């Protein structure tokens, strides 16, 4: 395959008819095409916006709604924040406990930091969802509700690795009081994450607006 054929997937070369520079090799084109496809996939939700006669953007994509038959969105959001806040507090508290492995042991500190990062990422997404309300667009739903469970399970795995690393570190000298406190707080953090996941899965989201197509 020559360079010109390979670069047909790149908008600049395929739509403008520009000559492909000699320094761009087929393997470079393949990379550029892959990056272009990845970019299109990332911003695919922009295709769901249309402009009206006044030039204003109107969202025509799918909208998800929270089922408030058993609980209001405000109360459900509060409960989710309580679980997530408890998990965050427990994880931060573990960083303040003088457990031996938290001072200079990489296999304890690294998973601890990664667990804290995943909880922080979930909190960031939760802020986005909280301000959006009970009716969310599809791309927001995909980046929040559909991400929570996986991210918190990853956090739980890292919390488990942290606890295992701490126990392994103290195995030779024996578990002291601070290690036991550390493990207890870690366990409470895991339970808080599981509580968030369980409560989230108990709630119901449904499609309240289907994506409008050109054919109606």
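In plain terms, the residue of 159, 102 with the fewest other Cβ atoms within 10 Å comes first and the most crowded comes last, giving 102, 159. Annotation: the residues 166, 146, 151, sorted from fewest to most other C-beta atoms within 10 Å of their own C-beta, follow the order 146, 151, 166. Calculate the FRET efficiency for residue 205 and residue 113 from the Cβ-Cβ distance with a Förster distance of 41 Å, rounded to the nearest 0.05. For R0 = 41 Å, the calculated efficiency reads 0.80. As a calculated quantity, the FRET efficiency between residue 127 and residue 96 at R0 = 30 Å, using C-beta atoms, amounts to about 0.80.
Fewest neighbouring Cβ atoms within 10 Å first, the residues 94, 193, 77 line up as 77, 94, 193.
Once the Cα-Cα distance is subtracted from the 0.36 nm per residue extended length, the residue 139 to residue 106 segment shows a gain of 8.2 nm. Looking only at segment 169-208, which residues have a backbone nitrogen under 15 Å from a spot 7 Å from the Cα of residue 149 in the C-beta direction? Flagged as within label range: 194-206. Full extension of the segment from residue 181 to residue 167, taken as 0.36 nm per residue of separation minus the current Cα-Cα distance, would add 3.8 nm.
No value in this document is a laboratory result; all are computed from the given coordinates. No experiment lies behind these values; they were computed from the predicted model shown. Neighbour counts run over all protein chains shown; Cβ positions are idealised from the backbone, glycine included.
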